[in-house]
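Structure record follows, encoded as structure tokens.
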């Protein structure tokens with residue numbers, strides 16, 4: 001396989017998405033076939049790259065001087081690209097029914113382009129490439145956030161734009177610093193900072209690393225730069241699932257892993273004040289997001305705050321700056337993406353098919369929407385961290401890494417994870433219990449939406465995702481072994 005095949009998962013959806021936007025398809029079936037085919041081919045290309053990697057694993061384009069766009073296939077990129085390759089076709093299939101009867105050309109144009117941009121982040125071989133696609137991700141997702149074009153959507157899109165571009169500016173400082181003081185901007189496991197730069201500019205480098213973490217932490221919803229995420233929940237559910245489970249927030253967490261382990265280097269960062277700051281803020285965010293989720297009655301925003309909390313599980317694990325920490329971070333990146341997209345799709349089905357939005361309206365859903373409630377129950381239990389589901393496995397690895405860290409900050413984060421798990425059980429099971437309880441009175445007067453019938457294009461994705469969550473009890477142990485090899489730098 002040619003190394004240039006690395007470009008296929010990036011360019012194919014970007015070009016085809018742009019073509020759909022420039023030349024709209026009026027026939028809905030033709031558009032659906034086109035979008036799903038492009039998505040499926042992109043996922044197939046990623047799968048082939050992971051299973052049969054080319055002999056040469058990187059390809060680059062020289063720009064000017066030391067500046068170069070470079071794509072590389074390494075273990076860390078395989079994890080992120082594998083996640084999006086599995087979830088994106090399922091999300092597209094779900095979107096067809098969710099958006100039925102609404103304008104879809106522009107939506108699917110940007111939705112498809114976003115796939116290619118996210119793949120560009122996953123396969124980025126250096127900081128410049130990752131930063132470039134990181135900025136593109138904001139640009140192509142802004143129209144998705146403001147899809148409804150009402151006041152709330154426009155306000156949410158503006159807030160998302162301000163936060164994201166502001167955070168990217170902080171991330172850019174990290175890029176400039178590595179470009180100036182590092183041996184290279186390429187992602188090299190262990191870091192690229194030479195000893196003399198660390199000796200002369202150590203304090204400055206720690207400051208820039210901390211700033212860069214908060215910059216990329218905007219998309220990862222790190223407190224206090226998380227505010228855009230709950231607001232963006234006004235977007236259609238396929239978009240919020242994209243923002244909260246697959247592309248945007250995971251891109252933020254992925255970028256933090258990259259700069260920590262592949263740019264600045266854990267041998268330099270471990271034990272420093274920067275590590276302590278990131279561990280502390282991650283622990284605070286874990287608790288803050290869980291408390292806010294517990295208090296929130298709007299079911300979609302409740303899941304949004306849950307995402308705020310769970311993204312910092314990943315950041316906390318990564319900030320432990322050990323092989324065990326990186327392994328746990330990557331494992332929770334996968335498990336949370338799988339569980340959270342299922343939960344968002346369940347809530348989206350409830351909202352679009354019944355018109356219900358608030359917790360007190362959820363009574364009787366079990367009899368009206370058994371597939372949806374079953375999927376939510378299984379994924380919700382997994383998110384809580386009940387054995388033997390994926391959420392338990394990834395949290396167990398986080399706990400082990402925190403204990404091995406042995407510092408106050410490691411134990412503080414561990415306590416935050418344990419308290420958060422308890423709060424997660426409360427805010428998830430509250431929905432589950434209400435949903436399976438009989439409905440006392442009709443809460444949705446509109447006869448056109450109160451039936452709650454879910455078609456095959458929603459039911460099939462939910463069943464696939466639920467099966468994957470349940471099967472995680474069997475294959476996540478195997479995944480953990482592979483992720484351990486990646487965390488050791490051997491993949």
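Every read-out reported here was derived from the displayed coordinates using simple, explicitly stated rules and does not represent laboratory data. Predicted model only: the values in this text are computed from it and were never measured. We place every Cβ from the backbone using ideal geometry, glycine too, and count neighbours over all the protein chains shown.
What does a probe at residue 453 reach in segment 343-362, counting residues whose amide N is under 14 Å from the point 7 Å along Cα→Cβ?
353-354
Between residue 196 and residue 28, 0.36 nm times their residue separation minus their Cα-Cα distance comes to what?
Here the answer is 54.4 nm.
Take the alpha-carbon centre of segment 145-222, take the same for segment 330-363, and report the distance between them in whole Å.
With segment 145-222 and segment 330-363 each reduced to a Cα centre, they are spaced 30 Å.
Ranked from highest to lowest mean number of other Cβ atoms within 10 Å per residue, what is the order of the peptides 281-287, 414-420?
Per-residue mean Cβ counts within 10 Å order the peptides as 281-287, 414-420.
Take residue 18 and residue 41, extend 7 Å from each Cα along the Cα→Cβ direction, and tell me the distance between the two endpoints in nm.
That separation, rounded to one decimal, is 1.6 nm.
Need the C-alpha centroid separation for segment 401-416 versus segment 275-293, integer Å.
When both Cα centres are located, 13 Å separates them.
Exposure proxy check: 237, 231 ranked by fewest other beta carbons within 10 Å?
231, 237
So, in Å, what gap is there between the alpha-carbon centers of segment 103-141 and segment 376-396?
Segment 103-141 and segment 376-396 have Cα centres separated by 30 Å.
What ranking of 226, 151 emerges when the number of other C-beta atoms within 10 Å of each C-beta is taken as an exposure proxy, fewest first?
Listed from fewest to most nearby Cβ atoms, that is 151, 226.
Using only Cα atoms, tell me the angle between helix 75-98 and the longest principal axis of the chain; keep it within 0 to 90° and round to the nearest 10.
20
Would you kindly compute the Cα radius of gyration of segment 286-347 and its largest Cα-Cα separation (Dmax), both in Å?
Answer for segment 286-347, Rg first and Dmax second: 12.6, 39 Å.
Using Cα pairs closer than 8 Å and at least 6 residues apart in sequence, work out the relative contact order for segment 270-491, in percent. Each step should come with its number before you reach the end.
Values: 335 pairs, mean separation 64.3, N = 222.
Across segment 270-491, relative contact order equals 29 percent.
Counting pairs of alpha carbon atoms under 8 Å apart in space and at least six apart in sequence, what relative contact order in percent does the chain give?
Computed over the chain, the figure is 14 percent.
For n ≥ 4 DSSP H runs only, could you compute -39500 (n - 2.57) per run for the chain, divide by its residues and tell me the 222 nm figure to the nearest 500?
The helix contribution divided over the chain gives -24000 deg cm²/dmol.
If you line up the long axis of helix 299-319 against the longest principal axis of the chain, both from Cα atoms, how many degrees apart are they, to the nearest 10?
20
Hey, if you drop one equal point scatterer on each alpha-carbon of segment 137-181 and run the Debye formula without solvent, what base-10 log of I(q)/I(0) do you get at q = 0.23, 0.29 Å⁻¹?
-0.73, -0.94
Once both axes come from the Cα atoms, what is the angle between helix 248-258 and the longest principal axis of the chain, in degrees from 0 to 90, rounded to 10?
20
For the chain, what percent of Cα pairs sit more than 43 Å apart?
Cα-Cα pairs in the chain separated by more than 43 Å: 10 percent.
Can you tell me, using C-alpha contacts under 8 Å and at least 6 residues apart, the relative contact order of segment 36-186 as a whole percent?
Worked out over segment 36-186, it gives 22 percent.
Which order do the peptides 118-124, 24-30, 7-13 take when ranked by the mean count of other beta-carbon atoms within 10 Å per residue, highest first?
118-124, 7-13, 24-30
Hey, could you get me the Stokes-Einstein D for segment 349-491, Kirkwood radius over alpha-carbon pairs, 10 °C and 1.306 mPa s, rounded to whole µm² s⁻¹?
Once the numbers are plugged in, D ends up at 91 µm²/s.
So how do 394-404, 41-51, 303-313, 63-73 stack up, highest first, on mean other-Cβ count within 10 Å?
Output ranking for 394-404, 41-51, 303-313, 63-73: 303-313, 394-404, 41-51, 63-73.
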